[in-house]
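Written out below as structure tokens is the structure these notes cover.
The values are calculated or read from the model by the stated rules, or taken from the named source; none is laboratory data. Here the structure is a predicted model, which is why all the values come from computation and not from measurement. Every residue, glycine among them, receives a Cβ derived from its backbone with ideal geometry; neighbour counts consider all protein chains shown.
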Amino acid sequence: MTTAAEHIDPAVRAEALASLLIERGLVDQATMNNFIKTYELSVGPMNGAKVVARAWTDPEYRERLLADGTAAIAELGFRGPQGEHIVVLENTPELHNVVVCTLCSCYPWPVLGLPPSWYKDPSYRSRIVREPRTVLAEFGLELGDDVAIRVVDSSSEVRYMVLPMRPAGTEGFSEEELAALVTRDAMVGVAEAVAP
Amino acid sequence: MGGKQGFGHVLPLTAEPAFAEPWEGKAFALGLLSIRAAGANLHAFRHALERVPPGDYLADYYDRWLRASQILLADSGILSAEQVAARAARLSGSDVPEPDPPEPHKPDMPSGGPGNLRTLDTPPAFAVGDRVRTADLRTAGHTKLPGYVRRRTGTVTAIRQAEIFPDTAAHFEGENPQHCYAVEFDSRELWGPDAEPFRLSIDLFEPYLEKVT
């Protein structure tokens, strides 16, 4: 069925699809704009960074987060599509977790927003489950041989977020200062939190 | 995609906006709204993504979403490919006639409630610590058992909440909820004795698994 659409510029095809659906009363412009604005402005890794900063400063919250990620994340007000069941994976000096979706591009939207290009790219999706140490090194993360790697493939509706290790030298930092050190990449597991 | 070779170096970890161009945001929203219009079946949308022809599939992410939306809407008789092509041509300045809309035949699947999580009366067949072997699946339809973990032996590490079974739901053949397990595999079980040492964890539905005794 895509042959007819093959050579049409995607921007024009998007417009064609939108106008036809709007005419049929199946889509309204305001809802469409609202979806776009929400993921451009309100939902993104700044949400996950707040979760991580809270876990670094509040041991009881950290326990709750690791026991029931969905509920603990909802305590901070983050919930919504692709966040039905969130499991948080804790990185330690002995174990490094890294998350992928080899089948499509599943990603924990409420805490990280929409996935970045590298996460959706076939190179990452194909290789991280086969040679994670090599791929992490390509990203600039060299792990010692004494660190075990666990790759987690998001194949069900469970969405995964990594709890990175708190960097040294951050004693006495406020939650806000800590959140600034937590990157999207650290919460997927292809980087560590930024050292201050 | 898991384990496929030849895709080269990973892309850089750059900061980027959610949508590089305005049409990408539109394609994203249209994807979500097409799912709603065609029966609120996320699994059917994923199956549509998988049916985008491989060259198009690999070419561009949000274009893939657009094409999947078109497949989903055509499948349910909401919009035909010809309608979209004609409208696109008209938007580009050609005075082509618009074809009549197709006969709607939106599939209907009874819903057990919002979302994908379900509670089952039957107990899970496997326990944490059980050794399980994955099926030799050769389906032509949608499945969440990736090729690279088929016919492999691993260990159950957690029991997840039961979920709608994507393999039937994607085809509007029923929610058919199933128990779901986190299963861990040793990298050498997946890729042979020379593999990098690591563990691979993946969530698998009960029908994919049989116990190894």
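Every listed requirement among (1) crowded, with 24+ Cβ neighbours inside 10 Å; (2) more than 24 Å from B:Ala182 (Cα to Cα); (3) within 8 Å of chain B (Cβ to nearest Cβ) is met by A:Trp118 save one, (1).
For A:Arg150, the conditions (1) over 13 Å from A:Trp56 (Cα atoms); (2) in a loop (DSSP other than H, G, I, E, B) all hold with the exception of (2). B:Leu79 - would you say it is under 23 Å from A:Arg24 (Cβ atoms) and either out of contact with any Pro (no Cβ under 8 Å at 6 or more places or on another chain) or basic (Lys, Arg) (or both)? So B:Leu79 fails the test.
So, in the range A:56-81, how many residues would count as being in contact with a strand residue (DSSP E or B) (Cβ under 8 Å, 6 or more places away or on another chain) and either at pLDDT below 95 or basic (Lys, Arg) (or both)? Going through the range A:56-81 one residue at a time, the tally reaches 1. Considering (1) among the hydroxyl-bearing types (Ser, Thr, Tyr); (2) at the interface with another protein chain (Cβ under 7 Å from one of its Cβ atoms); (3) more than 30 Å from A:Arg130 (Cα to Cα), the lone condition that B:Tyr61 does not fulfil carries the number (3).
Inside the range B:2-53, residues that are touching a residue at least 40 places away in the same chain (Cβ under 8 Å) and in a loop (DSSP other than H, G, I, E, B) make up a count of 7. Within the range A:4-51, the set of residues being small (Gly, Ala, Ser), modelled with pLDDT under 95 and over 30 Å from A:Leu181 (Cβ atoms) comprises A:Ala4, A:Ala5, A:Gly25. Annotation for the range B:148-163: at least one member residue is touching a residue at least 40 places away in the same chain (Cβ under 8 Å), over 18 Å from A:Asp153 (Cβ atoms), assigned by TED's automatic domain parsing to the domain that holds B:Phe205 and in contact with a Pro (Cβ under 8 Å, 6 or more places away or on another chain).
Got a sec? Which helices (runs of 4 or more DSSP H) wholly within the range A:1-82 have at least 1 residues that are among the acidic types (Asp, Glu)? The helices (runs of 4 or more DSSP H) meeting that bar are A:10-23, A:59-67, A:69-75. Test B:Gly2 against the stated conditions and say whether it is modelled with pLDDT of 95 or more and facing chain A (nearest Cβ under 9 Å). So B:Gly2 passes the test. Quick one: is A:Glu60 within 30 Å of B:Leu79 (Cβ to Cβ) and either of a type in the set (D, E, K, R) or in the same structural domain as A:Val182 (by TED's automatic domain parsing) (or both)? Answer is no for this residue. Residues in the range B:22-44 that are facing chain A (nearest Cβ under 7 Å) and not hydrophobic (A, V, I, L, M, F, W, C) were compared, and the one that is nearest to B:Ala88 (Cα to Cα) is B:Lys26. Of the candidates B:Leu190, B:Leu145, B:Leu120, B:Leu204, the single residue that is assigned to a loop (DSSP other than H, G, I, E, B) and touching a residue at least 60 places away in the same chain (Cβ under 8 Å) is B:Leu145. One residue alone among B:Arg160, B:Arg152, B:Arg133 is of a type in the set (Lys, Arg), closer than 24 Å to B:Ala40 by Cα and either within 14 Å of chain A (Cβ to nearest Cβ) or touching a strand residue (DSSP E or B) at 6+ places or on another chain (Cβ under 7 Å) (or both), and that residue is B:Arg160.
Condition check ((1) buried (at least 23 other Cβ atoms within 10 Å of the Cβ); (2) modelled with pLDDT of 95 or more; (3) more than 19 Å from A:Lys37 (Cα to Cα)) across all residues:
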| site | (1), (2), (3) |
| --- | --- |
| B:Leu32 | no, yes, no |
| B:Gly39 | no, no, yes |
| B:His43 | yes, yes, yes |
| B:Glu50 | no, yes, yes |
| B:Ala68 | yes, yes, yes |
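In the range B:150-177, the residue that is nearest to B:Leu42 (Cα to Cα) out of those that are out of contact with any Asp or Glu (no Cβ under 8 Å at 6 or more places or on another chain) and among the aliphatic types (A, V, I, L, M) is B:Ala170. Of everything in the range A:87-106 that is assigned to a strand (DSSP E or B) and out of contact with any Leu (no Cβ under 6 Å at 6 or more places or on another chain), the residue that is farthest from B:Tyr181 (Cα to Cα) is A:Leu95.
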